[in-house]
1. Criterion first (in a helix (DSSP H, G or I) and either more than 24 Å from Val182 (Cβ to Cβ) or in contact (Cβ under 8 Å) with a residue 12 or more places away in the chain (or both)) does Glu97 satisfy it?
2. In the range 141-155, is there at least one residue being at pLDDT 90 or above and on the phi < 0 side of the Ramachandran plot?
3. For the range 253-286, which residues satisfy the criterion of being surrounded by fewer than 16 Cβ atoms within 10 Å (Cβ to Cβ), out of contact with any strand residue (DSSP E or B) (no Cβ under 6 Å at 6 or more places or on another chain) and at pLDDT 95 or above?
4. For the range 82-107, name all the residues that are small (Gly, Ala, Ser) and farther than 12 Å from Ala61 by Cα.
5. Among what's in the range 223-252 and is among the acidic types (Asp, Glu) and either in a loop (DSSP other than H, G, I, E, B) or touching a residue at least 24 places away in the same chain (Cβ under 8 Å) (or both), pick the residue that is surrounded by the most Cβ atoms within 10 Å (Cβ to Cβ).
6. Scan the range 229-275 for residues that are among the aliphatic types (A, V, I, L, M) and over 19 Å from Ile177 (Cα atoms) and jot them down.
7. Do the conditions hold for His11, that is, is it surrounded by 22 or more Cβ atoms within 10 Å (Cβ to Cβ) and either at pLDDT 95 or above or closer than 18 Å to Met91 by Cβ (or both)?
8. Taking strands (runs of 3 or more DSSP E) that fall entirely within the range 15-80, which contain at least 1 residues that are in contact (Cβ under 8 Å) with a residue 24 or more places away in the chain and surrounded by fewer than 22 Cβ atoms within 10 Å (Cβ to Cβ)?
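The values are calculated or read from the model by the stated rules, or taken from the named source; none is laboratory data. In this text the structure is predicted, and so the values were computed from the model without any measurement. Here the Cβ is made from the backbone with ideal geometry for all residues, glycine too, and neighbour counts use every protein chain on show.
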Amino acid sequence: MNENNGFPASHFVASKGLQLHHLDWGGAGRHPIVLLHGIRLHAHCFGDFARRNRERYHVIALDARGHGDSAWADKEDYHLHDYYEDLATIMEQRDLEPVTLIGHSLGARISMLYTHLHPERVKRLVLVDMGAGLPEMVGKRDFSRVTETPPPQDFTSHAEATEYLGNILKLAPRDMIEESVVYGMRQLENSRYTWKYDPALSGPPQPQPNKREWDMWEVVRKIQCPTLLLRGEHSMVVSPEIAERMGQEMPDCRVETVPNAGHALFTDQPVEFNERVSRFMQATGG
């Protein structure tokens, strides 16, 4: 795709033997915003936000390993540290710093860890409905499926998949659901369509031997850059208690609740999401 015609350009970067895809919405030389999606989603989920901001910032959206148009990994290599190393590789190869990181769900956890380990490379941080911990009632449940992409199954057409996903994301604008389906599905040999993400990503993430498990509360306590935590009013992932704790334990974290939104708040309320991020960007130096 050609960014000069209103579409993002596709780029690939090699990380640990995998080809990782990202979208570049143009604007090189402006302050870079790097967007990281949640589990089983993809870079095009941020299309609405990218189009609203591409004239002001250099907007880049990543497909995490096993998602979108990035390569699939071995099932034991979908660990937080693997995702972090991928982000670090892309940041280095694209020479992106200092950046604004905006991460949703899994993408927020990746962003927290990267900011902790590379504070000099991050100007500000936006966490979209994800804190350093989960509510006790969520436990090891696959919480992302409460409001996000459904389990792998196939459909006769994009229209059928759009109808199915629309019944889950009831608050999201129809055009955003259609965009997510078009870019988030692949065609099978039998001509039916299924989701692009690796089926190994079904279910909650599991600890992996020989890979470091991070105490995310300890991570966020050391993040000094301005941080905005946006939680959905109906979120099952960021409880009021966790939101309050984030505001207290992070050195510079402001917490805001987006009304009439759940975990996928950037699709539930895209205009409100953009306005809140824009205000935060302006308040912290543009």
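1. Numbers: in a helix (DSSP H, G or I): no; either more than 24 Å from Val182 (Cβ to Cβ) or in contact (Cβ under 8 Å) with a residue 12 or more places away in the chain (or both): yes.
Considered against the rule, which asks whether it is in a helix (DSSP H, G or I) and either more than 24 Å from Val182 (Cβ to Cβ) or in contact (Cβ under 8 Å) with a residue 12 or more places away in the chain (or both), Glu97 comes out as no.
2. If we filter the range 141-155 for residues that are at pLDDT 90 or above, which is where we start, we get 155.
From what's left, on the phi < 0 side of the Ramachandran plot: 155.
Yes, the range 141-155 has at least one match.
3. Correct list: Pro259, Asn260, Val271, Glu275, Ser278, Arg279, Gln282, Ala283.
4. Looking only at the range 82-107, we keep the residues that are small (Gly, Ala, Ser), and these are 88, 103, 105, 107.
Once the filter is applied, which keeps residues that are small (Gly, Ala, Ser) and farther than 12 Å from Ala61 by Cα, the range 82-107 yields Ala88, Ser105.
5. At the first step, the residues of the range 223-252 found to be among the acidic types (Asp, Glu) are 233, 241, 244, 249, 252.
From the residues that got through so far, the ones that are either in a loop (DSSP other than H, G, I, E, B) or touching a residue at least 24 places away in the same chain (Cβ under 8 Å) (or both) too are 233, 241, 249, 252.
On the way: Glu233: 13, Glu241: 12, Glu249: 15, Asp252: 13.
In this case the residue turns out to be Glu249.
6. So the first thing to find is which residues in the range 229-275 are among the aliphatic types (A, V, I, L, M), and the list is 229-230, 236-238, 242-243, 246, 250, 255, 258, 261, 264-265, 271.
The answer is Leu229, Leu230, Met236, Val237, Val238, Ile242, Ala243, Met246, Met250, Val255, Val258.
7. Values: surrounded by 22 or more Cβ atoms within 10 Å (Cβ to Cβ): no; either at pLDDT 95 or above or closer than 18 Å to Met91 by Cβ (or both): yes.
When the stated conditions are applied, His11 does not pass them.
8. Details: elements: 18-24, 32-36, 58-62.
So the answer is 18-24, 58-62.
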